Amino acid sequence: MKLPSHVTLVEVGPRDGLQNEARPVATGDKITLVHRLQAAGLREVEVTSYVSPKWVPQMADNSAVMAGIARLPGVRYSVLTPNMKGWEAAQASQPDEIVVFAAASEAFSQKNINCSIAESLERFAPVVAAARAAGVKVRSAVSCAVGCPYQGEVSPDEVERVVLGLKAIGVQHLGVADTIGVGTPRKVQAALERALKHYPAAEVSGHFHDTYGQALANIYASLELGIHIFDTSVAGLGGCPYAKGATGNVASEDVVYLLHGLGISTGVDLDALVDAGHFICQAIGKPNGSRVARALLAKRGVIAAC
Ligand code: HMG
Ligand code: MG
């Protein structure tokens, strides 16, 4: 089977990785993290989200983070915008891309964004139209595409329904998200296949949380379908405030190690990426969730080998 020769990583650590941190993370540390990630070769960085600060206080400094970044040409900076209020606030920060986030399960839609799936599409429609009119690309995430913390099983039909809804309102890129990391390769492929019925492979990505340790296997299964864009989080940071117990996204370092081992280019310097992950873990006082980073840091003598 021929796998893609190049993979693009969308680094979501600054947003998905940090949004769930209970203690405030200094705005300066968030900015430094973005700088280190772009220096490591990441060309897509999801920086922050324009959501209610009452719901997700950690992202309340969204505009300050966006304003503080020294942008590199060729890097795409994206932000989450769930509604017009979010888009209007985000616009001043001039993101290159916005992300609207829907869910394949009704229960998760209600918990996450306080409305039904149909209502969420109605809310997104003017956001998508305004962003596209402003020349800003619109990406989406379909949460709970293979399982929901409230509903349990989620069927490919439910995924396809949302995919069609997002396509109908003009969303340009479809992200298939395993929010709680329960997916296994065949289930993930079944969800991705529904996205691939309506979007080209170049506009479909995988977003896999690693709660059950399946994310790398799911990425390999996605590569088999020609998927070559993945969201990943440095040091495996993160979790979702509305999916209790779910861990972070698959660690960027682990994915880079896998891909380079397969002879697939990413443009990312693994050592510099490990440094970026070590920096943010030290800054927020958290253990590093990347096994590759822990192995390389132990090899360097930076942390103790176990
Ligand atoms: P709502 O309560 O339904 O909205 O929130 P509302 O219009 O009734 O407004 C209520 C209050 O929120 C008002 O303030 C609004 O001004 C304010 P008040 O008058 O009470 O002071 N408000 C906002 N403030 C700032 N920015 C906004 C905004 N909109 C309203 N954009 C809303 C709807 C979606 C805003 C809310 O439910 C929310 O912020 N939820 C948080 C969602 C979130 O950030 N979830 C985590 C990110 S998604 C994710 O992690 C999944 C992903 O990684 C993929 C995966 O893994 O599945 C992407
Ligand atoms: Mg996520």
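Annotations
- Considering segment 222-236, the residues that are buried (at least 22 other Cβ atoms within 10 Å of the Cβ) and either part of a helix (DSSP H, G or I) or within 11 Å of ligand 2 (Cβ to nearest atom) (or both) include one that is farthest from the chain's Cα centre (by Cα), namely SER222.
- Members of segment 1-37 that are within 16 Å of ligand 2 (Cβ to nearest atom) and in a loop (DSSP other than H, G, I, E, B): VAL12, LEU18, GLN19, ASN20, GLU21
- Subset of segment 63-84 [more than 16 Å from ligand 2 (Cβ to nearest atom), in a loop (DSSP other than H, G, I, E, B) and touching a residue at least 24 places away in the same chain (Cβ under 8 Å)]: ILE69, ALA70, LEU72, GLY74, VAL75, ASN83
- Of all residues in segment 43-62, none are open to solvent by 50 Å² or more (accessible area, probe 1.4 Å), outside any loop (DSSP other than H, G, I, E, B) and either of a type in the set (S, T, N, Q) or more than 11 Å from ligand 1 (Cβ to nearest atom) (or both).
- Whichever residue in segment 239-271 is more than 16 Å from ligand 2 (Cβ to nearest atom) and either within 14 Å of VAL302 (Cβ to Cβ) or basic (Lys, Arg) (or both) and, among such residues, is surrounded by the fewest Cβ atoms within 10 Å (Cβ to Cβ): ASP271
- Which listed residue is surrounded by fewer than 22 Cβ atoms within 10 Å (Cβ to Cβ), in contact with a Gly (Cβ under 7 Å, 6 or more places away or on another chain) and among the small types (Gly, Ala, Ser), from ALA129, ALA92: ALA129
- Selection of segment 132-151 for residues being open to solvent by less than 30 Å² (accessible area, probe 1.4 Å), farther than 15 Å from PRO82 by Cβ and not hydrophobic (A, V, I, L, M, F, W, C) yields only GLY147.
- Segment 201-221 - residue that is open to solvent by 10 Å² or more (accessible area, probe 1.4 Å) and farther than 12 Å from GLY175 by Cα and, of those, nearest to the chain's Cα centre (by Cα): ASP210
The values are calculated or read from the model by the stated rules, or taken from the named source; none is laboratory data. Remember, it's a predicted structure, so these values are computed and weren't measured experimentally. Note that each Cβ is placed from the backbone with ideal geometry, even for glycine, and that neighbours are counted across all protein chains shown. Surface areas here come from the heavy atoms of the whole protein model, side chains and all, with no ligands, DNA or RNA. Shrake-Rupley method; radii C 1.70, N 1.55, O 1.52, S 1.80 Å.
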